[in-house]
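Working notes for the structure below.
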Amino acid sequence: MINRARGTRDILHPQSALYQKIRAISFSLLNANNYQQIILPTYEYQQTFSSLGESSDVVHKEMFTFPDRKGRSLALRPEGTMGVVRAVCQNKLANDQHFLKLYYWANMFRYERPQRGRYREFWQLGVELINAQGVRADFELLQLAKLLLEKVGVTDFSFSINYLGDEQTRERYKVLLQQSLQGKLDLLCEDCTRRYEKNPLRIMDCEECNQLEELPSYHTVLQATDVAYLANITSLLDNMQFTYVLDQKIVRGLDYYTGIVFEVKLTNRKRTLLGGGRYDTLFSKFTNGARRLPAVGFALGVDRLVDFLEETALTKSNDNRIDLLLLALDEKADCQLFTLKEQLLKLESALSLEVNLNYLNKKKTFELINTYNPQFVLTIGTKELNSSSFTLKRTSDRREFLITEKNAAALINEIIKSE
Ligand code: AMP
């Protein structure tokens, strides 16, 4: 037997139902906020991702790359923002006046060491607000992230926020950081020794090395305009009673962030659930200066959210209970069974239902009621065929509702929906 590839998973029911639920809740919230879904290609030319920074771990060692038949190098997407940037530019989506609100729900691929909460194929919900600048845009995203988690049923989470300033500020901090660690490289782990030269900011992401006392405070390199911005956004957050902590260690693993950056962790969990921030120079870098669009976005790790929801039993066990079980007791009832089923499914908000597909004896057929535990059962046997009427039974108290065949579907739907 051949097993699945390392780092991938088969997401089975009822876990898959949780993915569906999160997807439905987030799509509905985002659509209500006028965001539009973008469905991105699963692979892009590898170069698309080079603006993430050659020194970033994602580009440096985590990408799944492969040549096409003409020798061009392709990569399975390791994240969504670069695909969005490429798509916005290629389709000429944003114009000068209007901001663009996009979201994606997609599987990402990173060659990481697999462990619980870290997979080689994982799912992200990403939200990008493009061509919008300033406190209001940043706050909209933070508020959306918070609402999203609350709507899914998570309350125990915390936001950490930092402000990176512009590229010069980042550069100043990199130099300061390198200076402060000069001659002390033996304090760093193997990964961070490599990062020291090329991507020293990532040292701040390392759980081991970011505890070092030598690390200088980020706020010493901020300019007056950065400090003023930080004061404005924190004042809005405070007035909105938005709970957060300022954490100078948050720099985020990807190289493209400028301005605000943020992360959400679940209480008592080590790993980050959601991360994001502003990336005002990414469009310019991607197009060699041809397009300059300020933007802010975040990505939620859906798998980590699902793991958490499962562990904390925030999902009701009867979430997946079906509304109606239709049982045909005779082969002659097949036509009636499927007619009724079709009529029910054609109604605007369809009930969830199941039919008995195997030809079993009466006793075994009725055992299906225990298997499916539906809210209602409707049987079609010779009696029903002769009288052209059905009996709908409520399983909780065995109450019966007589349904005449005329308008049967509408009537059944009405009774079940009124529960
Ligand atoms: P990033 O794109 O690295 O900013 O990650 C955003 C979110 O995606 C993280 O906060 C995680 O929840 C999730 N994530 C990132 N990498 C993985 C992975 N290898 N496996 C599962 N979830 C991940």
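The values are calculated or read from the model by the stated rules, or taken from the named source; none is laboratory data. No experiment lies behind these values; they were computed from the predicted model shown. Every residue, glycine as well, gets a Cβ built from its backbone with ideal geometry; the counts of neighbours run over all protein chains shown.
A few points about this structure:
- Within region 261-295, being closer than 29 Å to ARG116 by Cα and β-branched (Val, Ile, Thr) holds for VAL261, VAL264, THR267, THR272.
- Cross-chain or 6+ apart pairs with Cβ under 6 Å, region 389-410 first and closer than 16 Å to ALA333 by Cα, then outside any helix (DSSP H, G or I) and among the charged types (D, E, K, R): THR391/GLU400
- If you check LEU12, LEU29 for being free of Cβ contacts under 8 Å to residues at least 24 places away in the same chain, closer than 30 Å to GLU310 by Cα and surrounded by fewer than 19 Cβ atoms within 10 Å (Cβ to Cβ), only one passes: LEU12.
- A count restricted to region 198-233 and to residues that are in contact (Cβ under 8 Å) with a residue 60 or more places away in the chain and either in a helix (DSSP H, G or I) or of a type in the set (D, E, K, R) (or both) stands at 8.
- Meets criteria (away from the ligand (no atom under 16 Å from the Cβ), of a type in the set (A, V, I, L, M, F, W, C) and in a helix (DSSP H, G or I)) for LEU30: yes
- Failed item in (1) within 27 Å of ALA17 (Cβ to Cβ); (2) in a strand (DSSP E or B); (3) within 16 Å of the ligand (Cβ to nearest atom), with LEU305 passing the rest: (2)
- Residues (closer than 22 Å to CYS192 by Cα and among the hydrophobic types (A, V, I, L, M, F, W, C)) located in region 50-88: LEU52, VAL58, VAL59, MET63
- Number of residues in region 340-364 that are surrounded by fewer than 18 Cβ atoms within 10 Å (Cβ to Cβ) and in contact with a strand residue (DSSP E or B) (Cβ under 7 Å, 6 or more places away or on another chain) equals 3.
- Selection within region 266-297: residues that are in a strand (DSSP E or B) and more than 8 Å from the ligand (Cβ to nearest atom). The member of this set that is nearest to TRP105 (Cα to Cα) is GLY297.
- Strands (runs of 3 or more DSSP E) contained entirely in region 314-419, each with at least 3 residues that are more than 30 Å from VAL154 (Cβ to Cβ) and over 35 Å from the mean Cα position of the chain (by Cα): 324-328, 376-380, 389-394, 400-404
- Comparison of TYR45, TYR19 shows that the only residue that is of a type in the set (Phe, Trp, Tyr), within 17 Å of the chain's Cα centre (by Cα) and over 20 Å from GLY277 (Cα atoms) is TYR19.
- Applying the set (1) touching a Phe, Trp or Tyr at 6+ places or on another chain (Cβ under 8 Å); (2) modelled with pLDDT of 90 or more; (3) within 19 Å of VAL88 (Cβ to Cβ) to THR287 leaves exactly one unmet item: (1).
- Some residue of region 162-176 being touching a residue at least 12 places away in the same chain (Cβ under 8 Å), under 30 Å from ARG23 (Cβ atoms) and touching a helix residue (DSSP H, G or I) at 6+ places or on another chain (Cβ under 8 Å): yes
- Filtering region 246-302 to residues that are crowded, with 18+ Cβ neighbours inside 10 Å and free of Cβ contacts under 8 Å to residues at least 60 places away in the same chain leaves ARG252, THR272, GLY275.
- For region 32-47, a tally of residues being without any contact (Cβ under 8 Å) to a residue 40 or more places away in the chain and either surrounded by fewer than 16 Cβ atoms within 10 Å (Cβ to Cβ) or in contact with a helix residue (DSSP H, G or I) (Cβ under 8 Å, 6 or more places away or on another chain) (or both) returns 3.
- A single member of GLN168, GLN241 is at pLDDT 90 or above, of a type in the set (S, T, N, Q) and more than 16 Å from the ligand (Cβ to nearest atom), and it is GLN241.
- Qualifying residue in region 185-195 (condition: surrounded by fewer than 21 Cβ atoms within 10 Å (Cβ to Cβ), modelled with pLDDT under 85 and not aromatic (Phe, Trp, Tyr)): yes
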